[in-house]
1. Any residue in segment B:231-243 that is open to solvent by less than 70 Å² (accessible area, probe 1.4 Å) and either touching a Pro at 6+ places or on another chain (Cβ under 7 Å) or of a type in the set (Phe, Trp, Tyr) (or both)?
2. So A:Leu677 fits all but one of (1) crowded, with 23+ Cβ neighbours inside 10 Å; (2) more than 23 Å from A:Gln619 (Cα to Cα); (3) more than 10 Å from chain B (Cβ to nearest Cβ); what number is the exception?
3. Could you name every one of the helices (runs of 4 or more DSSP H) located completely within segment A:651-763 that has at least 1 residues being under 20 Å from B:Ser94 (Cα atoms), in contact with a Ser or Thr (Cβ under 8 Å, 6 or more places away or on another chain) and among the acidic types (Asp, Glu)?
4. What residue, of A:Leu705, A:Leu618, is within 12 Å of chain B (Cβ to nearest Cβ), crowded, with 23+ Cβ neighbours inside 10 Å, in contact (Cβ under 8 Å) with a residue 24 or more places away in the chain and of a type outside the set (Lys, Arg)?
5. What are the residue pairs meeting all of these: first residue in segment B:358-380, first residue open to solvent by 50 Å² or more (accessible area, probe 1.4 Å), second residue assigned to a loop (DSSP other than H, G, I, E, B) and modelled with pLDDT under 80, Cβ atoms under 6 Å, and 6 or more apart or on different chains?
6. May I ask you to list the residues in segment B:112-142 that are within 19 Å of B:Gly89 (Cα to Cα) and touching a residue at least 40 places away in the same chain (Cβ under 8 Å)?
7. Contact list please: Cβ distance under 9 Å, first residue in segment B:223-239 and free of Cβ contacts under 8 Å to residues at least 60 places away in the same chain, second residue of a type in the set (D, E, K, R) and open to solvent by 80 Å² or more (accessible area, probe 1.4 Å), pairs at least six apart or on different chains.
Amino acid sequence: MDSSEAPAHRPVTLDIDGADETLEASVPPQTDPTEESIDLDAEAFVSPQDDSSHSESLVDKLNDQMMESVMISDSPNSEEEDVVPIDSLLEQNEEEEPKTPDDADTEERIEDVRNKDVSAAEPEEASGALFKEENEGEKIVQVDDKRETVAPDDPKPEAPKTQESALEMDSDSTPKDEAVPVCTIFRQGVQLKAQALIPDGFQPTLVKSPSFTIGNTETPNKLVPQVCQPSPSLSKFFTDSSAVNPASDFFDSFTTSTSFVSISNPNAESPKAAAPPESPLVSAPTAAGTYFTPVATKPQVAPAEPMNKLQAVFPSGDDPFGSALVTSDLDKRRDAWLPSEDTRRVLISVATQQVSPVQIDREQLAMPGLKFDNLQGDAVKDLMQRFLGDQAAMKRQVLSANSVEQNFLGLKRLISTKNWRAAVDLTGRLLTAHGQGYGKSGQPTNHTTDSLQLWFVRLALLVKLSLFQNAELEFEPFGNLDHPDLYYEYYPTVYPGRRGSMVPFSMRVLHAELPQYLQKPQETLDRLHRIKSVCQKILSNLQEGLAEDGSMMNLTQDNRLASIQLWRSRLSRVMYSMANCLLMMKDYMLAVETYHSIIEYEPEQRVQLLSGIGRIFLQIGDIRTAEKYFQDVEKGCQSKGKTANEDTSVLMNRAFVYLSQNNYADAHTCFSSVLELDPKNPVANNNAAVCLLYLGRLKESLGQLESLVHKDPALYLHESVLFNLTTMYELESSRSTQKKQALLEAVACREGDSFNVQCLKLV
Amino acid sequence: MQVKGQSSAADKMDVSQAKQEHLLALKVMRLTKPTLFTNMPVTCEDRDLPGDLFIRLMKDDPSTVKGAETLILGEMLTLPQNFGNIFLGETFSSYISVHNDSNQVVKDILVKADLQTSSQRLNLSASNSAVSELKPECCIDDVIHHEVKEIGTHILVCAVSYTTQTGEKLYFRKFFKFQVLKPLDVKTKFYNAESDLSSVTDEVFLEAQIQNITTSPMFMEKVSLEPSMMYNVTELNNVSAGIESESTFGRMSYLQPLDTRQYLYCLKPKPEFAEKAGVIKGVTVIGKLDIVWKTNLGERGRLQTSQLQRMAPGYGDVRLSLELIPDTVSLEEPFDITCKITNCSERTMDLELEMCNTRSVHWCGVSGRQLGKLSPSASLSIPLKLLSSVQGLQVHQTQTSSVGFYHAYIAEAKCSSQEILFSSQDVEMKSESE
């Protein structure tokens, strides 16, 4: 071996560790005020093998150092990681009041969590953007925070101490031979930390927005909502009846008001209500055979009919046949799906009456049931009780599951008034009435169009409430949404002639999107790709002149075009989900590509998509590429005959570029010119206020946001705006709590039980 | 335990009382870049149970992108939610607000912000003059900026002094501590090239591995090598196809956390410093890397390495290079090569040539021949004859015996079965110093 060869080929580690500054006195970092030096480790003669042995001896020391620096560090994210799950845990537990007093276990758990929360409250405070103030007892600076009358400004006593601590850190890495391992280990330290870490400045924008915080870090073990117990009245009521009467008795029952008023009203425990076969729309399996005549198709499509009436969307002609046919065309288009090979075989054998559904293996069936019950709770009210007293809290009036009609209408009212928790409760009641209530998971059941719609609404609301864990639990019995009993063909007597999936397409998308919120984005992508390939297959079937499912059926031209349009829009919805998921995974290049490919399907969203891609590049820090996309937007606007200054999206994009160049003044001007075009634009208003803060104009910024919230609460009582406002309150004075409480009152007058109170930063 | 708990509670009381006695309150917030709000779209179709409810809710939500509500990345800016991380080379910005919490006018307010690092104390306040008076509910605002140049613990020291209406002079300080972390891991590696046969070019290739050891993606805006005065540099990080040149990293303009990227540079000594035998010797300074990156919404950072140093390849006392050698030779037919021997030592040498055959390549000529005296820095060309007995690609290896100097040369292959492509041989040189 040539010894002279080694230095040329061995990697030399550059050391950015500040410790080496002492080593290389010849290159003082102060020489160039704008630049930072990294010191080259000149120790080139140590062979790599030596490195490792050296480093091993140093591992402990350095680990200690790392540990310490993490602990000293104000880096509050590590604390936040701890806080969030506890918080969300608490939130859930608080909402689920233990129903039975003998449930001591639950009681204790909640108590426990509350305690934890109290202890966690402090670190959370620290994790705010405001610095944590150093109090007495600090190791490094021992000058206390107390008031000192007349200025004895004397930095000297503390200066030597600071030095000392700095030297301590240096001492590990000063000797020349050790410099190499120091660096590599330092790097490893950071790697390790990076796993446990920690959203930094960037991450929050994607994953950590206030609405996302809940549940992001939840650990499944802790969070299984075992706390939930069935409300005794309902579960007792239904356990017996369903064993005797299969759920088919409830078919479509809640579309008629007569049956469900009694069913879902827990106070009316009349056993009659459990079996309402008198309902005109209920088709008992035995009777269904007679409905095979074409005339009978009308009752069969009936499940969808009440909705049609409610929405008044679909024209109902005088001719009952005609309307039924229109509906069935729509149904066919909408319900089309390609089951897996196994499922298809089962469905064919059911259709050809080789097998009766009774003989099918239970394991192939979807047997859902509520996994928890009674979400009811109102975080806003709880906060009011805590800060404003019981009397103020009494004034808070929100709709609950009890205060609305126990049907789809009531459900819609709860949703539109943003009382999603109550809405989830109501879906629970309606599903219980259908025999899929608490504890029914794993028991055979019959699905209907309505029951699956209810499940979809329930699960969608759970996701909207960021209760991902709960949604996952309840999704679980549905498997891949491909069980044979989730297809109309499985119920030839109930839905004669109807084909396709009972599972709404949106529920498939929701099912696919869910895992990404539980740190399983890969699973989300897998599911989305499956949906995408079915969409593409259906589209290609349609283009080849076949029906959606590939069968040789003649579709009218109108029908085919409508179907192609529907499936293209579904495909683009799936692509959106993919792009969103990729963005959350920070796979920016693929995300950008996917967003870009959506333009083909949604040409009218071109401006929004290109601007969005530009913002992604700004987030990465690649301003040049972002500007390229923004220029495309401008060109598009010019071709429409608008000058660039007349278009809000162009101005908005410009503002973001200025922002990225640290030019807050011009960014503010741009946002202001958006407001000249569109004075009510909430985004521009909020963003202009944010710019003011960065310009050192706190009072103005605060005044602007405050007046917006008061003038137009409908637009500005949004968690992002409120979060900004409360942050500024905290920065402004020591009396932020009163001001936040005023906001709480404003929220209480308008917002439903799904309001995310975290943005008020009161707790 | 209990006693301890009580005492700490009492401490807290003290602090809050102390705070209440002050008329002014000081608040500090780190101004990292704001972030864009992200939505969570949940949609349904017209004929689903909720009808148009979900989409209407999303349309009414001010934070969604109007017309494309399913796009999660909105336009609403939110203020930083936590202190975040700060890295060497980034700029630390902070809002300092002093608010008059009392109901009386306060006079002669002086706010001072210093940054204490392990090695120095810097004044960051924009102005050092006192504000003459501050009315109740009013505040003094300051935004400070500082490019972070040291790693480790930093302490922001904010001091406020003021005079009350009764003429009492009051003073308080607050400390805010944060850690500055290392953003990048840089490793370098040098390669020496001696590709040209007729003249030794002494090109040096520098490979720099840059790893992102932060937790966020990093856009590498600039990674350049500033050569020292002895070298010219060519960056080899673009592939030029026609007029447009494309980065070797493709369209990936950013580095994910823990990703490493390799940059390559070619350094040529300027003619006046050409690496003549022995002129550039030992440790030489090559230059330094200048790295500029950006993260979230244009948060900028910049670092420079210290001078990169390279050990010039030691040629020992004798340097052997090939002047002339054919690409392709025929099997069992002698061919000529020309070697050049340079004396890199300070002394005159007496050289003797000894030839050792290998299994496949054989020398033609006399071994043990005296080559005569060679004075320092002088060189000597010797024509030699070789014969190859095995076909195929051969690696030619020459070696000087005094100091192991390694020189490998690989010839191109031409594939005719009759031909030998190249032959390899060991030349052993013996040098005797006088």
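The values are calculated or read from the model by the stated rules, or taken from the named source; none is laboratory data. No experiment lies behind these values; they were computed from the predicted model shown. Backbone-built Cβ (ideal geometry, glycine too); neighbour counts: all protein chains shown. Just so you know, the surface numbers come from the protein's heavy atoms only, side chains and all, with ligands and any DNA or RNA stripped out. Shrake-Rupley method; radii C 1.70, N 1.55, O 1.52, S 1.80 Å.
1. Yes; the residues of segment B:231-243 include at least one that is open to solvent by less than 70 Å² (accessible area, probe 1.4 Å) and either touching a Pro at 6+ places or on another chain (Cβ under 7 Å) or of a type in the set (Phe, Trp, Tyr) (or both).
2. All conditions are met except number (1).
3. A:719-732
4. One residue alone meets the criteria, A:Leu618.
5. Hits for this filter: B:Pro376/B:Glu346; B:Ser377/B:Ala277.
6. Within segment B:112-142, B:Asp114, B:Leu115, B:Gln116 meet the criteria.
7. Going by the 9 Å Cβ cut-off, the qualifying pairs are B:Met230/B:Glu272; B:Tyr231/B:Lys268; B:Asn232/B:Lys268; B:Val233/B:Lys268; B:Thr234/B:Lys268; B:Asn238/B:Glu246; B:Val239/B:Glu246.
Residue-wise test of (1) open to solvent by 30 Å² or more (accessible area, probe 1.4 Å); (2) more than 30 Å from the chain's Cα centre (by Cα).
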| site | (1), (2) |
| --- | --- |
| B:Phe92 | no, no |
| B:Tyr95 | no, yes |
| B:Ser119 | yes, no |
| B:Asn123 | yes, no |
| B:Ala130 | yes, yes |
| B:Glu133 | yes, yes |
